[in-house]
1. Kindly list, by first and then second residue, each pair from a residue in region 317-329 that is within 10 Å of Arg361 (Cα to Cα) and in contact (Cβ under 8 Å) with a residue 24 or more places away in the chain to a residue that is of a type in the set (D, E, K, R) and not in a loop (DSSP other than H, G, I, E, B), limited to pairs with Cβ atoms under 7 Å and residues at least 6 apart or on different chains.
2. Restricting attention to region 295-306, which residues are of a type outside the set (A, V, I, L, M, F, W, C) and buried (at least 22 other Cβ atoms within 10 Å of the Cβ)?
3. Can you tell me which residue is farthest from His63 (Cα to Cα) among those in region 333-364 that are in a helix (DSSP H, G or I) and of a type in the set (Val, Ile, Thr)?
4. If I go through region 78-110 residue by residue, how many of them are touching a strand residue (DSSP E or B) at 6+ places or on another chain (Cβ under 9 Å) and either within 16 Å of the ligand (Cβ to nearest atom) or among the aliphatic types (A, V, I, L, M) (or both)?
5. Scan region 66-77 and give yes if some residue there is within 26 Å of Glu348 (Cα to Cα), at pLDDT 95 or above and among the basic types (Lys, Arg), otherwise no.
6. Name the pairs: first residue in region 58-84 and of a type in the set (Ser, Thr, Tyr), second residue assigned to a helix (DSSP H, G or I) and crowded, with 16+ Cβ neighbours inside 10 Å, Cβ to Cβ under 8 Å, at least 6 apart or on different chains?
7. Scan region 245-255 for residues that are within 13 Å of the ligand (Cβ to nearest atom) and either of a type in the set (A, V, I, L, M) or farther than 21 Å from Gly311 by Cβ (or both) and jot them down.
8. Suppose the filter is at negative phi, more than 16 Å from the ligand (Cβ to nearest atom) and touching a Pro at 6+ places or on another chain (Cβ under 8 Å); does Pro18 pass it?
Amino acid sequence: DTRAMSFSKRANLPNTHPLAAFLLHLIVIKRTNLCLSADVTTTSALLNIAEEVGDSICMLKTHVDIISDFGEKTVRGLRDIARRKRFLVFEDRKFGDIGSTVQKQYTAGPFSIVRWAAITNAHIFPGPAIVTALKAAAADAIAAFNRSVETEISVGTPRPSSDEDDGSFDGSSEGVSNDGDTTKLPLRKRSIVAATTIESSTESTTLERGALDEATAQAENDREKALEALGSPPLARGLLLLAEMSSEGNLLTGAYTQKCIDIARDHNDFVIGFIAQHDLNSKPGDNFITCTPGISLPPPGQEGQKVSGDGLGQQYNTPHKAIVQEGCDVVIVGRGILSAKDRAAEAERYRREAWKAYEERVGA
Ligand code: 5IU
């Protein structure tokens, strides 16, 4: 039963996707199961909020199609902050088309999401091919990236390490100057290991498992050391399936949600979890991460008050209800944090509440 299980234990279950294992370890070390929903419309607003709340989150959720000046600056800026503050980037793209189209939407166009977002999500109403198509596109993109790294290493021009160290990549050779250090071969090896894991799931993390366990165990005392031991995210991509929504009258219920679980089980080498309003792990072996939007807290000093919605269909629950009663793992918060006067302090308040709720659930 994953509800009563600690995140560290879940990270080490067999068949845990390397990216999921990384995220679970990160959550434990940073003591945060909070995801910020950064629904802002400019690059500078995005980078500012990422910088302000980065320490308090495990994941930052974007909607890149609302960023008016999206470009290389957005990608590089976000990558730098994510690497420094240690969080994963999740593009809330909600893919929902036939396989051939979503592959292009994932890898091409002005956004080329696969390059910079470790995690994205998809609806399953087009049928299971949406998952296999995105999985194949991710594997291709990673393989192409590895080939380019190999080529550059063999001709003695390794890519700057910053391009690989955070599990993001460019897919283009932009020839950024570097220190010319050709001894960085382990990068290539690591990348290749990671690429095979996207096909066959777990092999790569077992290698580092001992170190990771030690890292999470010592996180209590020395967070920085633990983060260092955790290292960079694997060069892998993961998908969340939209199993349930928070909005009033939505149609993602009953048999539809059940179908979503079936598809996730069939593809747990790529599907790392769900966007859902409650924990959907029910069979032995299920270890999906439940990420839950529609979360808010009453303002400080008004604890008894209920925040019910936004007048546009959104419905809210508290972190406590989502995590303890419904068994959700990661809470996704947008306006609750974005509209606060002190956004860093408000993110910390959400982080504390969500983490306390998790500890209550697992009896820590
Ligand atoms: N979001 C939801 N509910 C859902 C799904 C996605 O709110 O069921 I699927 C997104 C929309 C928005 C964020 O980007 O999560 C929630 O923002 P607020 O916390 O500001 O309501």
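The values are calculated or read from the model by the stated rules, or taken from the named source; none is laboratory data. Only a predicted model underlies this, so the values are computations on that prediction, with no experimental measurement involved. Every residue, glycine among them, receives a Cβ derived from its backbone with ideal geometry; neighbour counts consider all protein chains shown.
1. Going by the 7 Å Cβ cut-off, the qualifying pairs are His320/Glu353; Ile323/Arg361; Val324/Glu360; Val324/Arg361; Gly327/Arg3.
2. Narrowing region 295-306 to residues of a type outside the set (A, V, I, L, M, F, W, C): 296, 298-306.
Ser296, the sole residue that qualifies.
3. From region 333-364, those in a helix (DSSP H, G or I) are 335-338, 343-362; that's our starting set.
Going one step further and asking which of them are of a type in the set (Val, Ile, Thr), we end up with 337, 362.
Working: Ile337: 16, Val362: 32 Å.
Here the answer is Val362.
4. Number of matching residues: 13.
5. Yes; the residues of region 66-77 include at least one that is within 26 Å of Glu348 (Cα to Cα), at pLDDT 95 or above and among the basic types (Lys, Arg).
6. Every condition considered, the pairs that remain are Thr62/Leu46; Thr62/Leu78; Thr74/Thr43; Thr74/Leu46; Thr74/Leu47; Thr74/Val64.
7. Within region 245-255, Met245, Leu251, Leu252, Thr253 meet the criteria.
8. Details: at negative phi: yes; more than 16 Å from the ligand (Cβ to nearest atom): yes; touching a Pro at 6+ places or on another chain (Cβ under 8 Å): yes.
Taking the combined requirement at face value, the residue satisfies it.
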